[in-house]
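Presented below is the structure to which this report refers.
The values are calculated or read from the model by the stated rules, or taken from the named source; none is laboratory data. What you are looking at is a predicted structure, and each value in this text was computed from that prediction instead of being measured. With ideal geometry, Cβ positions are generated from the backbone for all residues, glycine too; neighbour counts draw on all protein chains shown.
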Amino acid sequence: MALLCGSAVRTGRGGSGGDVHGGGDAVRTAGLPARCRLVRSLRALVVGDAFGAAVDAVPRTEGRTLPPGRWEWTDDSEMAYSIAGELAEHHHVEQDSLVRRFAERHDARRGYGRGTTDLLRRIRGGAHWRLAASESFGGRGSWGNGAAMRVAPLGAWFASDPGATTSQAALSAEVTHSHAEAIAVAAATAAVSGPDTEPAEFLGEVATVVRGGPVRDRILRTGRMTGEPANAVAAAVGNGAETRALDTVPFAIWCAATHLADFREAMWTAASVGGDRDTICAMVGGIIGNTAEIPERWWAHCEPPPPWTILP
């Protein structure tokens, strides 16, 4: 398959069912155009999402045997595809345009949460997104992980402008998630588009994006756990089982920070703790898409992109 912006997929050898781990394959993409960074992050997010969803059907992950058959992507990818299309067309977030993409392309079979499905149906029915989002969850707004799960490609697009990264991430979150917690973690996720730093430094930089509160506290806590096993970190900060932003993003960022150059290891580590596997794997993939190569066999397992995506 021809790829945009150079290869984001690494050819490797492995058995028919297993996955041979050959170590990390660091890449340098800082000088790439925004569209290229966007494509790399989006592709890695989709592979992570589809892999995580496929692994959910596997009782154990210790053997690290790739799930057989075609891996279908979920709502995480469907919404990320829309964000990528929005940026490719407008070069920034036009909120009315973005939420229209979400609503028109919403496929309930992709595993959307009930709150998001109800919200997008209301918008398709004529409700304004700002009112609909603010009325969610008894007027508190959604604090789920949906805004964070789709935002990494936006962070890759704006990687050279940290201020724009956080402000545009907030705009992308607000159309469906009006709760401050959900907006904060979306901004934090976007801010980590793959800088090549030490894990503790990486996590400390992320924490500065979030101004206080439990999200920042949990991210800082993971910064003190860079040498700990994944299960211990997940036990401390969550594994997405609650589908809440606070319960999902800190572990995903820790996993990305500690495996910036190794896609395989990042994915298997993310999947090993259970919980919301497809969402955590999607976030990790999107974050490291510009520092790690995707194994070719993994991309080959994935369901093809939708016809309206910017991916080839």
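Brief remarks on what is shown
- Just so you know, in the stretch 41-81 the residues that are in a loop (DSSP other than H, G, I, E, B) and among the hydroxyl-bearing types (Ser, Thr, Tyr) include one that is modelled with the lowest pLDDT, and it is Thr61.
- Residue identified as more than 17 Å from Ala50 (Cβ to Cβ) and either surrounded by fewer than 16 Cβ atoms within 10 Å (Cβ to Cβ) or not charged (D, E, K, R) (or both) among Ala271, Ala232, Ala252, Ala266: Ala232
- Within the stretch 234-275, considering residues that are of a type in the set (A, V, I, L, M, F, W, C) and free of Cβ contacts under 8 Å to residues at least 24 places away in the same chain, the one farthest from Val206 (Cα to Cα): Ala235
- The stretch 101-122, residues that are touching a residue at least 60 places away in the same chain (Cβ under 8 Å) and part of a helix (DSSP H, G or I): Phe102, Arg105, Thr116
- Among the residues of the stretch 137-174, the ones that are of a type in the set (A, V, I, L, M, F, W, C), more than 18 Å from Thr243 (Cα to Cα) and out of contact with any Lys or Arg (no Cβ under 8 Å at 6 or more places or on another chain) come to 6 in all.
- Looking across the stretch 123-156, the residues that are assigned to a loop (DSSP other than H, G, I, E, B) and not hydroxyl-bearing (Ser, Thr, Tyr) come down to Gly125, Gly126, Ala127, His128, Arg140, Gly141, Trp143, Asn145, Arg150, Val151.
- Positions within the stretch 271-310 being more than 17 Å from Trp71 (Cα to Cα) and part of a loop (DSSP other than H, G, I, E, B), in sequence order: Ser272, Val273, Gly274, Gly275, Gly289, Asn290, Thr291, Glu293, Pro307, Trp308, Thr309, Ile310
- Index of the failed condition, Pro306 passing every other in (1) closer than 18 Å to Ala200 by Cα; (2) in contact with an Asp or Glu (Cβ under 8 Å, 6 or more places away or on another chain): (1)
- Residue identified as at positive phi and part of a loop (DSSP other than H, G, I, E, B) among Gly240, Gly227: Gly240
- Count of the stretch 89-119 residues which are hydrophobic (A, V, I, L, M, F, W, C), within 23 Å of Gly48 (Cβ to Cβ) and modelled with pLDDT of 95 or more: 3
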